[in-house]
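Here the structure is laid out as structure tokens; the discussion comes afterwards.
Each value in this text was obtained by applying a stated rule to the coordinates, not by laboratory testing. Note that the structure is predicted; figures quoted are calculated from it, not measured. Here the Cβ positions follow ideal geometry from the backbone for every residue, glycine too, while neighbour counts run over all protein chains shown.
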Amino acid sequence: MIRSAPRSTLLFLFIATMAAAAPAPVPYTIKLDVVTEGMNGDKCWFHPRAGAIPGASPTVVLTMQQWNTKRSDVFYPVASGETVDLGATWTPFVEHAATLGRHHLDAKREEGICDFTPKWHEASGRLLGTGHTVFYDDDKLVAVRPRQTVWSVYDPAAKTWSQWDKLAMPADPRWGNAGAGSTQRVDLPDGDILLPVYAKEINAKVYASTVVRCRFDGRTLRYVEHGSELSVPIDRGLYEPSLAAFGGRFFLTLRNDQAAYVARSADGLRFEAPRKWTFDDGADLGSYNTQAHWVTHQDALFLTYTRRGANNDNMARARHRAPLFIAQVDPDRLVVLRATERELVPNKGAQLGNYAVVDVNERETWVTTSEGMAPGNPAQFGANARVYAARIIWGKPNAVWNRH
């Protein structure tokens, strides 16, 4: 008779195997800089997102918008400023009302853009920003509205942006509300762009997310094709997707009202079924109804996120959007390694969930965010409408920093 090993032995072997298979940790330090701070009446800076123009001393261009904290999702023209000394000094932040602002459609309605994200496009040598349209009636958000992806190109000599233009999508009702707001793209070696978008029919409730392969010639962004359309039948579905390339595969993190989701692909277009993000011990990540974004190093893949259960019940009204965390991901098991979780930006009572990631050079990757000064009274916990650059300084140079 063959006897099976004792249960305790099997459990030990299982744990040992899983520990051996876990990705090796990648060392880095975090330096938290404050770019600017202070309220402008009822307004504060929101959506701070940066793009880096390569060079011996890279130029980091930071875009953001003033948010009316007394109203829901009311944003004003995109502004930008830049640094050439890794954040030691910044130029003044100037609103680009003529090119990245609103225009009137009639006496009441205005069309503008928001959720803008710049990123260097190596093939064209241009800093290309993407976002989407938004409509306001008398400076109030129009709830049921069309939406389109937009783009703009930065002129580093004039420190201005081109007039925003719209990405033409296929003529189908399901693209009636389709945008690339707050998404994170991947640029392929041939110059093609994998741009995540989320879409629905104008009057529908549930979004689906997909990756659109685009072509950019330095002036115009054009649709080529799109991949899997991913959704779940929960509240508003899956939206605000962000894409990363790592180890020859592609990874998509997606927002849902109740949980954060992740999906994996071999080609960046066709994805496996999305699954909920969990820690490696099986517990739910605790991130919900907000963005998550990727940080990549050639030796490791990281997720940045906010979550509940972090001694942050003061942030319950703001969907637990502080602190802002970073943790390493196991790309095979598609789980977050709990032991690697670190705080990028502290909880001072203000929401930090509208943010972005930029590879500055082979030594530094930045996560830029701001203290959103609503709901409640964030100042009572120490918030002061700060704009942060959380600088991840790698212990080993990041060889893939400018490859996607």
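Worth pointing out:
- Being among the small types (G, A, S) and more than 24 Å from A266 (Cβ to Cβ) is a property that S209 lacks.
- Qualifying residue in region 69-81 (condition: farther than 18 Å from T130 by Cα, without any contact (Cβ under 8 Å) to a residue 40 or more places away in the chain and not aromatic (F, W, Y)): no
- Counted residues, region 20-63 - those being free of Cβ contacts under 8 Å to residues at least 60 places away in the same chain and either buried (at least 23 other Cβ atoms within 10 Å of the Cβ) or closer than 29 Å to L337 by Cβ (or both): 1
- Top-ranked residue in region 371-395 [being of a type in the set (G, A, S) and part of a loop (DSSP other than H, G, I, E, B); ranked as surrounded by the fewest Cβ atoms within 10 Å (Cβ to Cβ)]: G395
- Residues of region 338-388 satisfying the condition of being among the acidic types (D, E) and under 13 Å from H47 (Cα atoms): E371
- Test result for A245, surrounded by 23 or more Cβ atoms within 10 Å (Cβ to Cβ) and small (G, A, S): no
- Residues being free of Cβ contacts under 8 Å to residues at least 40 places away in the same chain, closer than 16 Å to V329 by Cα and among the basic types (K, R) - total across region 253-276: 1
- Filter result for the condition that a residue is among the basic types (K, R), surrounded by 17 or more Cβ atoms within 10 Å (Cβ to Cβ) and more than 22 Å from the chain's Cα centre (by Cα), over R147, R102: R102
- Neighbours by Cβ (under 7 Å, 6+ apart or cross-chain): first from region 277-299, within 20 Å of M315 (Cβ to Cβ) and free of Cβ contacts under 8 Å to residues at least 40 places away in the same chain; second part of a strand (DSSP E or B) and not charged (D, E, K, R): D284/T278; S287/A260; S287/Y305; Y288/A260
- Any hit, region 158-181, residues being of a type in the set (S, T, Y) and more than 25 Å from R249 (Cβ to Cβ): yes
- So L188, is it more than 22 Å from G353 (Cα to Cα), out of contact with any Asp or Glu (no Cβ under 7 Å at 6 or more places or on another chain) and among the aliphatic types (A, V, I, L, M): yes
- Residue within region 73-89 that is surrounded by fewer than 14 Cβ atoms within 10 Å (Cβ to Cβ), assigned to a loop (DSSP other than H, G, I, E, B) and β-branched (V, I, T) present: yes
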